[in-house]
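Novice: Okay, handing you the structure first.
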Amino acid sequence: MNLIDNYPTSRVPTNIRLSFLSVTLVHAGMLTALDQFMLGAVLGNSMALTDAFLAIFISSIIFGVITFALGFAGMKEGLSSSLLARWCGFGRIGSVLVSLTIAISLVGWFGVQNAVFAKGLNYALGNKLGFEWSATLSGLFLTILVAFGFKALRFTAWIAVPFFVIVILFISAGILEHHNTIDLIQSVPNGETITLSSAITLIMGGCIVATLITPDMSRYSKNSRQVFWMVMVSIILGEFVINGLAILLARALNTSDVVTIMTQTAGGIGLLVVIFSTLRVNDINLYSSSLSIANSISVLTGKKVNYTIITLSIGIIGTTFSVLGILDKFVGFLTILGVVFPPIVGVMLTDYFIIKTHRNILKETQQGEKIPANKDTPLIGWNAVFACVIASILGITVETGIPTVNSLLAASIIYGLLSIIKR
């Protein structure tokens, strides 16, 4: 099976779909990561424990529903997120906009997290290489690894995901055994207070990108049952285990800076956690951004570019930015994308499951495992683009409610109404 090509502009054939565990480990890797651990620490240091876990519970329900729905569409059609967007309201040019949004954010995170990886690598080598050389080596290593496609991601996930979870459990057990659970529950947080609404916004902002790129992984799943349990495992491990332990540790240590303390208390093992976490997340960042760029090139030029060439090119660009430190200023923009991504998800779900604009043509081309021809695909879905722009503005400006949910629902309603009127 040709996983080097990785099907960036075509359906994944049903005869090469992968096992439940292979796909789930890659997907779970997005949520069993250091950024989730850091988020849990912030919640634990700024909220009552009951409120913190309530925020996780509510966020998990929202994340679970929309992620399963989009993952199901990816599995059913065998299409990546960027390709799926073509026939879920956005059209060919609209899917390019979606692709570029995904690619910019993920390449940005690649550069930022590669810097974290490089600092850990440089520290492990006794500061002999220096940050610039460490960033160059770590970035190129990740790029070459991901250039081998989903097969490489599976190999990394088989090692990194269990290792990360086991070490986090080990570190947490060592710290929490010296504290009384009842006292932790009753203790008062000393950080700046975070409301329940703000907490849900933070959690959703951290995982909404994972929702949008879920089809990149679920297209390798064999059935809806696998997709459902893939999402459930990711939620249980990422939100409840990783976030939950971080909340307890933050309360036990009376600080939100759990990562630094973790590396200090666990020594080399804690350092490996940092390295493996950034390694695994950046694998997925580079993988999905490469699929997005492949879709853009296909739409704009009509040509199919080799997945490996795209990956190497993007990886080199991201590594260069990381070395130059340019992407350290990119975080603020990436935070805004936490409000820009939900409308895209809302439009795609509304179109695929309710409006069903192109469900017939997708069904007709499923048997031959082809994608619909350009003549059967609109150039641009203005309704989808308009809905996303207005919903993003509402998500940023409206202060009541949960910004992520506000923008997602607004996009779904606006797109649905415009589609009905147009008919």
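The values are calculated or read from the model by the stated rules, or taken from the named source; none is laboratory data. All of these numbers come straight from a predicted model, not from anything done at the bench. No Cβ is skipped: glycine too gets one built from the backbone with ideal geometry, and neighbour counts run over all protein chains shown. Heavy atoms of the whole protein, side chains included, go into the accessibility calculation; ligands, DNA and RNA do not. Shrake-Rupley method; radii C 1.70, N 1.55, O 1.52, S 1.80 Å.
Novice: Given the C-alpha centroids of the range 369-423 and the range 111-127, what is the distance between them in whole angstrom?
Specialist: If you average the Cα positions of each part, the centres end up 40 Å apart.
Novice: Hey, what do the phi angles of the range 162-175 turn into as Karplus ³J(HN,Hα) couplings, whole Hz, using 6.51/-1.76/1.60 and θ = phi - 60°, x for Gly and Pro?
Specialist: x, 4, 4, 5, 4, 5, 4, 4, 4, 5, 4, 4, x, 7
Novice: Straight-line reach only, C-alpha to C-alpha below 14 angstrom: list the aspartates and glutamates that Lys222 could link to, leaving out same-chain residues fewer than 8 apart.
Specialist: Within the straight-line cut-off, Lys222 pairs with Glu77.
Novice: I've got another one for you. Ranked highest first by the average count of other Cβ atoms within 10 Å around their residues, in what order do 285-292, 24-31, 163-170 fall? List each step's numbers first, then the result.
Specialist: On the way: 285-292: 29.2, 24-31: 26.1, 163-170: 17.2.
Final packing ranking: 285-292, 24-31, 163-170.
Novice: Based on Cβ point charges of +1 for Lys and Arg and -1 for Asp and Glu, what charge dipole magnitude is obtained for the chain about its Cα centre, in debye rounded to the nearest 20? Write down the numbers at each step before the final one.
Specialist: Details: 24 positive and 18 negative charges, 328 e Å.
It comes to approximately 1580 debye.
Novice: Moving on to the next point. Out of Ile203, Leu248, Ser419, whose Cα points farthest toward the positive end of the dipole of the chain (charges: +1 Lys, Arg; -1 Asp, Glu; placed on Cβ)?
Specialist: It is Ser419.
Novice: How far is helix 49-77 tilted, in degrees, relative to the longest principal axis of the Cα atoms in the chain, given as a value from 0 to 90 rounded to the nearest 10?
Specialist: Compared with the principal axis, the helix lies near 30 degrees.
Novice: Still on this structure, please answer the following. Please tell me which of these pairs span more than 31 angstrom C-alpha to C-alpha: Lys119/Lys304; Lys303/Lys356; Lys76/Lys375?
Specialist: Numbers: Lys119/Lys304 37 Å; Lys303/Lys356 28 Å; Lys76/Lys375 22 Å.
Pairs exceeding the cut-off: Lys119/Lys304.
Novice: I've got another one for you. Semi-axes of the equivalent ellipsoid for the chain, please: Cα gyration tensor eigenvalues, times 5, square-rooted, ordered largest first, whole Å. If you can, show how the numbers build up before the last one.
Specialist: Values: eigenvalues 239, 131, 73 Å².
Working through the eigenvalues yields semi-axes of 35, 26, 19 Å.
Novice: For a quick check of understanding: with a 1.4 angstrom probe and all protein chains in place, what accessible area in square angstrom does Leu272 have, to the nearest ten?
Specialist: Counting only protein heavy atoms, the figure is 70 Å².
Novice: Now for a different question. Return the Rg/Rh ratio of the range 1-136 with Cα-based radii and a Kirkwood Rh.
Specialist: Numbers: Rg = 19.3 Å, Rh = 18.5 Å.
Value, to two decimals: 1.04.
Novice: Quickly rank 103-115, 229-241 as a protection proxy: mean count of other C-beta atoms within 10 Å, highest first. Mind dumping the intermediate values first?
Specialist: Values: 103-115: 24.5, 229-241: 21.4.
Listed from highest to lowest mean packing, they are 103-115, 229-241.
Novice: Continuing with this model, one more query. Have a look at Lys370, Lys128, Lys76 and tell me which one the Gaussian network model of the chain (Cα, springs below 10 Å) gives the largest fluctuation.
Specialist: Checking each option, the largest mean-square fluctuation is seen for Lys128.
Novice: Which peptide among 116-123, 48-55, 205-212 comes first, and what is the full order, when sorted by highest mean count of other Cβ atoms within 10 Å? Don't skip to the end; give the middle numbers.
Specialist: Details: 116-123: 21.2, 48-55: 18.5, 205-212: 24.1.
Most protected by this proxy first, the peptides run 205-212, 116-123, 48-55.
Novice: Could you run the Karplus curve 6.51 cos²θ - 1.76 cosθ + 1.60 with θ = phi - 60° over the range 359-366 and give me ³J(HN,Hα) per residue in whole Hz, x for Gly and Pro?
Specialist: 4, 5, 5, 5, 5, 5, 8, 5
Novice: A follow-up question, please. Would you kindly derive the ³J(HN,Hα) couplings of the range 241-254 from the backbone phi angles with the Karplus curve 6.51 cos²θ - 1.76 cosθ + 1.60 (θ = phi - 60°), listing them in order in whole Hz, with x for Gly and Pro?
Specialist: Calculated HN-Hα couplings, in order: 7, 5, 4, x, 5, 5, 4, 5, 5, 4, 6, 5, 8, 6 Hz.
Novice: Quick check on the chain: helices-only [θ] at 222 nm, where DSSP H runs of length 4 and up contribute -39,500 (n - 2.57) each and the sum goes over total residues. Nearest 500, please. Each step should come with its number before you reach the end.
Specialist: On the way: 19 runs with 308 residues, N = 423.
The helix contribution divided over the chain gives -24000 deg cm²/dmol.
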